[in-house]
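The block underneath contains the structure these notes are about, expressed in structure tokens.
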């Protein structure tokens with residue numbers, strides 16, 4: 001999307017859709033007052049009649065009388081009370097503008113950035129993210145009738161800034177927002193594609209495209225290389241499918257030589273039937289989303305490359321399918337991971353932690369300064385936190401705080417769960433070093449404890465995104481299906497570390 005910044009009277013801006021945020025209460029932005037004067041008091045009228053009071057989530061589209069203002073439509077969007085404005089509310093307002101642009105078949109939109117307490121660069125980034133995210137739709141595999149109108153893509157966003165705004169900061173915020181949101185849409189698209197299209201091999205090809213475009217080093221391990229590495233856990237999951245597994249490694253070298261990297265790891269299970277411990281048929285089609293953690297890592301690496309982040313960053317995606325077959329792993333089987341630990345498989349549907357175990361151990365060779373992983377790992381996390389937040393657990397309190405703050409800034413919220421030593425007892429095995437499931441009690445936490453066995457002393461945080469990586473698209477800037485989370489959180493964390 002082309003994003004530009006402009007100044008000028010709102011009434012004079014030529015655009016198919018002018019999005020104008022307003023606050024709840026009697027106070028009005030002078031720029032909005034001037035626009036309303038040109039509109040003959042239309043905005044004041046809808047507010048007085050109760051059609052829009054300025055509450056968050058409200059919106060009304062006005063159609064100006066000929067020649068009164070230059071815009072074809074004026075979309076008035078409620079932001080709530082001015083003293084409670086946040087970047088997330090602006091992000092949602094941007095999504096509302098994008099949705100209305102789609103209904104109007106408008107190829108461009110102008111968003112009037114309100115004067116507020118939010119830093120102008122942060123505000124511009126949030127609005128841009130909302131518009132770019134809100135403009136996404138998955139139509140790649142849909143046919144269009146011959147007589148159907150051609151789709152209109154929202155291609156241009158102009159941000160109109162108040163006189164006191166720092167135009168350079170607004171432009172930079174908009175630039176970053178556009179890149180990061182586009183990367184999250186990239187991840188959303190990977191998540192929405194079906195398992196017969198996005199296979200482990202295809203994910204490796206996507207990583208290859210990223211490496212070529214941004215000059216990153218790419219390493220792809222297949223079954224033979226995994227055997228050499230002793231990756232018995234990852235290979236165990238792939239035993240039941242004809243699709244070969246892949247371990248995908250992208251290295252962005254934007255920092256100084258010798259600087260220890262940040263590492264992002266994402267579960268790339270391109271389809272999960274549960275293996276011998278088969279899942280129920282109802283809703284199994286959604287298990288194409290089991291690779292959303294891996295998609296987020298690829299999306300984040302795309303944004304990191306495009307932004308030219310001045311840090312060394314490594315993205316790792318272990319990828320496989322988990323199906324049933326004559327060679328599939330069985331409950332009771334024991335495999336040796338690359339770390340040397342033996343794992344008793346008591347539930348073949350607890351496979352994500354198996355492929356992550358070998359990936360996290362592999363990541364240690366980079367001597368990372370810190371490491372995050374994301375996975376649609378446990379249904380227990382959905383029970384605990386619903387679809388409002390990802391669960392976070394780790395071995396470093398300061399890093400947990402960093403991740404939570406990054407989630408708050410991006411709207412991809414997280415909430416910490418405890419990792420008391422007693423939870424580790426649930427994954428003790430009578431026959432191996434550990435077992436891959438601690439049962440239903442505290443299932444999210446015991447899954448994280450399993451992963452912790454493979455990270456060593458590296459500061460590490462695990463994000464369980466089972467409830468946030470895909471959903472019904474209730475937010476203004478989301479649609480049903482993959483959300484792309486936690487792509488923006490990953491990038492925000494890396495940017496904060498890079499300074």
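Against the numbered list (1) in the same structural domain as residue 481 (by TED's automatic domain parsing); (2) assigned to a helix (DSSP H, G or I); (3) free of Cβ contacts under 8 Å to residues at least 12 places away in the same chain, residue 196 comes up short only at (2). The condition of being under 29 Å from residue 217 (Cβ atoms), in contact (Cβ under 8 Å) with a residue 60 or more places away in the chain, out of contact with any strand residue (DSSP E or B) (no Cβ under 8 Å at 6 or more places or on another chain) and in a helix (DSSP H, G or I) holds for only one of 303, 338, that being 303. Of all residues in the range 214-230, which are in contact with a strand residue (DSSP E or B) (Cβ under 6 Å, 6 or more places away or on another chain) and either surrounded by 18 or more Cβ atoms within 10 Å (Cβ to Cβ) or in a helix (DSSP H, G or I) (or both)? 216, 220, 221, listed by residue number.
Annotation note: of 233, 187, 238, the sole residue that is under 23 Å from residue 136 (Cα atoms) and crowded, with 22+ Cβ neighbours inside 10 Å is 187.
Condition check ((1) in a helix (DSSP H, G or I); (2) in the same structural domain as residue 361 (by TED's automatic domain parsing)) across all residues:
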{"site": "122", "(1), (2)": "yes, no"}
{"site": "128", "(1), (2)": "yes, no"}
{"site": "142", "(1), (2)": "no, no"}
{"site": "146", "(1), (2)": "no, no"}
{"site": "171", "(1), (2)": "yes, no"}
{"site": "174", "(1), (2)": "yes, no"}
{"site": "202", "(1), (2)": "yes, yes"}
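Across the range 50-60, a minimum of one residue is classified as touching a helix residue (DSSP H, G or I) at 6+ places or on another chain (Cβ under 9 Å), within 16 Å of residue 99 (Cβ to Cβ), surrounded by 13 or more Cβ atoms within 10 Å (Cβ to Cβ) and in contact (Cβ under 8 Å) with a residue 40 or more places away in the chain. Within the range 419-448, being in contact (Cβ under 8 Å) with a residue 40 or more places away in the chain and part of a helix (DSSP H, G or I) holds for 443, 444, 445, 447, 448.
A quick yes/no check of all residues on (1) within 21 Å of residue 482 (Cα to Cα); (2) part of a loop (DSSP other than H, G, I, E, B); (3) in contact (Cβ under 8 Å) with a residue 12 or more places away in the chain:
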{"position": "275", "(1), (2), (3)": "no, yes, yes"}
{"position": "282", "(1), (2), (3)": "yes, yes, no"}
{"position": "313", "(1), (2), (3)": "no, no, yes"}
{"position": "317", "(1), (2), (3)": "yes, no, yes"}
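The residues of the range 455-486 that are buried (at least 23 other Cβ atoms within 10 Å of the Cβ), within 30 Å of residue 367 (Cα to Cα) and out of contact with any strand residue (DSSP E or B) (no Cβ under 9 Å at 6 or more places or on another chain) amount to a single one, 484.
The values are calculated or read from the model by the stated rules, or taken from the named source; none is laboratory data. These figures come from a predicted structure and were not determined experimentally. We place every Cβ from the backbone using ideal geometry, glycine too, and count neighbours over all the protein chains shown.
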